1. What full-extension length gain, to one decimal in nm, is calculated for Ile875 and Thr732 as 0.36 nm per residue of separation minus the Cα-Cα distance?
2. Over all directions, how big on average is the projection of the convex hull of the alpha-carbon atoms in region 351-492, in square nanometres?
3. At what distance in nm do the modelled label points of Arg714 and Ile916 sit from each other, each positioned 7 Å from its Cα along Cα→Cβ?
4. Would you tell me the accessible area of Phe360, worked out with a 1.4 angstrom probe on the heavy atoms of the protein chains, in Å² to the nearest 10?
5. Restricting to DSSP loop positions (anything but H, G, I, E, B) with no more than 14 other Cβ atoms inside 10 Å of their own Cβ, which trypsin sites (Lys or Arg not before Pro) remain in region 46-115?
6. Using a Förster radius of 41 Å, what is the FRET efficiency between Tyr375 and Asn223 based on their Cβ-Cβ separation? Nearest 0.05, please.
7. Would you please give the FRET efficiency between Leu451 and Lys841, computed as 1/(1 + (r/R0)^6) with r the Cβ-Cβ distance and R0 = 51 Å, to the nearest 0.05?
8. Extension gain Thr99-Asn362, at 0.36 nm per residue separation less the Cα-Cα distance, in nm?
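The values are calculated or read from the model by the stated rules, or taken from the named source; none is laboratory data. In this text, all values refer to a predicted model and were calculated from it rather than measured experimentally. Positions of Cβ are backbone-derived with ideal geometry, glycine not excepted, and every protein chain shown enters the neighbour counts. Please note that ligands, DNA and RNA were not included when accessible areas were found on the heavy atoms of the full protein model with its side chains. Shrake-Rupley method; radii C 1.70, N 1.55, O 1.52, S 1.80 Å.
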Amino acid sequence: MAPHLRHGISVSLSQRRCLLLHSLLLSVYFLTVAGFNLDTSMTLTKEGETGSFFGFSLALHQQLTPEPHSWILVGAPRARGLGMMQRKRPGALYRCPITGEEFDCERVDIDGDVNLDWESKDNQWLGVTVKSQGIGGKVVTCAHLYELRQRVGLPSETRDPIGRCYVLSEDLTERDDLDGGEWKFCEGRPQGHEQFGFCQQGLSAAFTPDNQFIMFGAPGTYNWKGLLFMASPDEDALVYKTLEPHSNRPMFEDVAQNSYLGFSVDSAQGIMSRGELTFVAGAPRANHTGAVVLLRKDNMYRLVPQHILWGEELASSFGYSVATADLNSDGWTDLIVGAPNYFDRKAEIGGAVYIFLNPFGNWEYAQPIRLNGTYDSMFGLTVNNVGDLDRDGYDDIAVGAPFDGDGKVFIYRGLSSGIDTKPAQILDGVDEGVKRFGYSISGGLDIDGNLYPDLAVGSLGDKLVLYRSRPVIHVTRDVSIEPQQYIDLEQHNCKGRDGVCVEVKACFTYTAYPETYSPDISELLYTSLFRTSWFFCLVICPAVNFLREGCGDDKICQSNLKLTYQFGTRPPTSDLFTPLPRDDEEVAVFSLSDQRSVVLEVTVTNMPSDPLSPEEDGDDAHAAQLLVTLPDTLIIILCFLFPCAECELGNPLKRDAILKFYIILSTSAITIETTELTVNLLLATISEQRDLATVTAVAKIIIELPLAVSVLARPHQLFFSGAVKGESAMETLDDVGSAVEFEFTVTNTGPSLQTLGSAFLNIMWPHELSNGKWLLYPTALHFHGHPKTPCTPHTSLNPQEGHVMTKGSLGRTTPDCLLGSARCVLFQCPLHSFSDSAVLKIQGRLWNSTFLEEFPSVSALELLVRANITVKSSIKHLVLRDAAAQIPVMIYPEVGLTAQYWIPWWWILIAILAGILVLSLLVCILWKCGFFRRVQYEDKVPQYHAVKIPRQDRPQFQQKAGILQKKEWATHWSDGSS
């Protein structure tokens with residue numbers, strides 16, 4: 001039972017850990033940058049030729065021989081040429097030293113000559129890409145619009161922009177045979193836009209992290225489907241490349257034409273599996289939304305797709321830029337994908353970056369976190385792994401938005417939970433006087449020698465800016481308070497004066513990188529406080545509250561904390577919570593097949609148990625906490641509201657409070673043997689409440705197999721005709737009847753079933769009627785992709801091609817297969833090592849004689865063939881839904897067959913005469929009943945009759961005593977009844 005509170009101060013243990021004194025002043029003089037450690041006060045700026053696009057691409061580079069030197073390599077793809085190319089703009093590569101001078105960049109002479117008989121370098125965009133292999137490594141730069149000329153001077157002259165790249169040694173010279181500009185993989189290959197004529201090799205390039213290969217993107221190949229080349233910079237090895245387009249069904253999932261595959265490239269280990277190198281290629285026009293393809297090498301010198309990540313919005317250019325980084329330092333490489341044309345008018349979003357935290361290689365379960373840019377900013381035009389800027393053990397990333405004002409670069413920090421979605425620092429082009437700032441970014445290399453990686457930012461304004469990282473220290477504190485539990489306001493404990501004193505001891509420790517770094521820290525600390533000094537906790541740690549008089553007349557706070565929960569899902573970019581479905585026992589059901597994480601929604605209330613007597617309980621709950629205990633199979637990813645597993649609910653949690661929050665749990669540690677999720681939740685408070693007990697949140701786990709089967713019949717209509725033949729009279733299959741083929745396609749969009757159990761494809765084949773006559777005669781069975789798979793019963797098939805089997809060779813049958821009037825044979829085919837799709841084809845013949853005998857007068861008959869999938873497994877919580885299909889085949893008699901069952905003409909004549917007779921009799925009866933008699937007008941309308949009176953009898957003409965009398969009329973009404 002919680003202790004009573006009387007005239008005291010309640011301070012929980014976790015709050016004591018966070019209590020900071022208002023009078024503690026901590027000054028770290030070395031840190032001059034607010035928010036992050038890129039120094040914006042002492043930047044280096046380099047400027048190039050106006051209009052040359054100096055800064056279009058960047059690379060930080062360090063050479064070790066012949067002498068150590070650090071450079072900023074800059075591409076200027078619109079720079080003017082030298083010598084005979086002075087009036088042209090072939091582009092150039094520059095190297096800039098780390099000095100304060102703005103105009104000291106030197107041009108690297110690598111492309112001085114041109115032979116107009118077979119090439120053109122005007123507008124070739126040399127410098128469109130610049131990459132460094134790292135310290136002491138090679139350098140690559142490309143000109144993706146380099147043109148190959150053929151039939152020069154003739155009317156049929158052609159110019160093919162195949163592109164070319166230059167590989168240089170660490171000192172930017174050509175040392176060995178493989179250095180130079182002969183990296184032209186599209187030269188000598190079939191030209192034309194449908195082949196390699198518009199190759200545009202070098203629009204993107206990258207070195208692999210193991211330094212064994214260079215990757216080149218060629219997005220114009222194969223009608224702009226795109227291609228990825230990969231070769232060794234050190235030896236003349238065979239070239240790896242991605243797949244060519246296929247006219248038939250491809251062996252691997254791939255992108256289509258006009259996808260621009262290779263527009264951006266990168267590579268890393270730990271993407272699909274630990275220790276294996278995976279290649280990443282962006283295709284910003286694939287499927288009109290964009291895509292990112294994850295590839296691997298095979299033993300046939302191919303780069304084959306392993307998985308494709310698709311964009312979510314039309315024309316968003318998803319995959320325009322890609323980068324790899326281990327943001328949460330879990331040993332698995334995460335993906336960063338830019339979609340600069342993402343647009344949302346209502347939310348005023350103009351560009352997006354998707355953060356794909358690696359789901360331990362299971363990319364089908366990846367749920368991206370979307371970072372949004374401002375309206376028309378082109379946020380995500382470039383993304384870059386800039387290394388660990390603050391040396392906290394997590395990779396950081398930079399995102400360029402060159403059209404956000406004068407341009408901005410956003411720095412995002414990696415965290416143990418993935419990424420901090422709030423920028424740690426924003427670099428603005430306005431501060432540097434640079435337009436279109438952030439068009440290119442290069443980082444991850446220490447230029448100034450302080451062991452922290454620096455950052456270079458390019459622009460379309462012919463300028464670049466170098467930001468240098470400053471050292472960072474990490475400070476931890478330990479705060480202790482005496483007395484530990486309660487502060488009694490009635491006990492004056494100050495020495496030598498009146499009042500209540502609290503002793504607070506704060507200890508600070510720091511770690512720095514490198515360890516020899518010694519920051520200048522000054523501090524001022526007061527260790528005694530008086531009762532009147534309330535401000536120290538209210539200002540610095542407002543979660544600490546002073547309880548002067550307790551609650552109510554008895555000075556005792558009696559809370560009524562209650563807890564409810566429900567499991568559900570919640571997208572990373574939305575606040576929409578969707579509860580998990582429930583079974584018949586009202587227990588939440590979690591599907592392990594399609595969900596990477598599960599969300600636990602917790603609602604805590606502090607309401608009076610009896611609204612009519614609110615004074616009994618429901619008081620403020622002081623130091624209210626929620627303690628969360630998880631099994632080994634669950635890991636907390638994020639807790640919305642405050643950190644868990646000790647969730648501070650408030651001090652106090654007020655009366656009538658309702659608190660709702662979400663705990664996101666990773667399910668990556670769940671195995672196939674796990675049958676349920678259990679999370680123990682315990683509310684705690686130092687207010688009085690006796691009924692607090694552990695609540696166990698439970699959800700069942702099912703493994704839903706994403707299996708599906710579809711059926712196709714060719715042809716879907718069959719016909720029968722001819723004469724009846726017995727089995728002994730049939731010599732070939734053509735004597736049986738019309739041929740039909742059924743194609744059963746089984747698909748599996750999830751992982752292989754090998755670890756879960758054995759799957760079987762079952763075909764219910766209607767082979768005979770209930771009287772034993774043949775119906776659908778099976779002749780052959782072929783399992784494409786699995787030729788050695790045995791289907792049972794094999795004896796139900798025609799044993800010899802071209803000959804008819806006898807009825808005695810049938811396997812087991814299922815009665816009442818087709819509406820209770822036919823029998824089926826069950827074909828069962830195991831699906832061993834089934835991971836993608838399988839196609840089963842069964843050929844058969846319609847038994848012509850049976851239909852002639854049994855259905856001579858029908859106009860149509862529907863025959864159903866059914867298929868389903870079953871799984872045999874020791875795992876009891878496997879669920880298989882919608883794994884069944886059926887297809888009807890319509891059977892008709894041939895034209896002219898039904899003519900023999902004509903109706904005699906005299907039957908038709910008698911029917912007509914009988915109809916006329918019945919009609920005449922009916923008319924006569926109706927006439928006799930007066931049905932056709934018309935109603936007379938005089939019988940229905942009232943009549944008015946006037947009676948003529950002789951003049952001499954009329955009273956008005958008879959005068960008495962000179963009095964003139966009024967005339968009178970005599971009338972009579974008649975309605976025709978008399």
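1. Details: separation 143, 0.36 × 143 = 51.48 nm, distance 4.82 nm.
Taking Ile875 through Thr732 to full extension adds about 46.7 nm, to one decimal.
2. 14.6 nm²
3. Here the modelled spin labels are 5.8 nm apart.
4. Using a 1.4 Å probe on the heavy atoms, I get roughly 90 Å².
5. Filter output for region 46-115: Arg87.
6. E between Tyr375 and Asn223, to the nearest 0.05, is 0.75.
7. Between Leu451 and Lys841 the formula returns 0.20.
8. 90.0 nm
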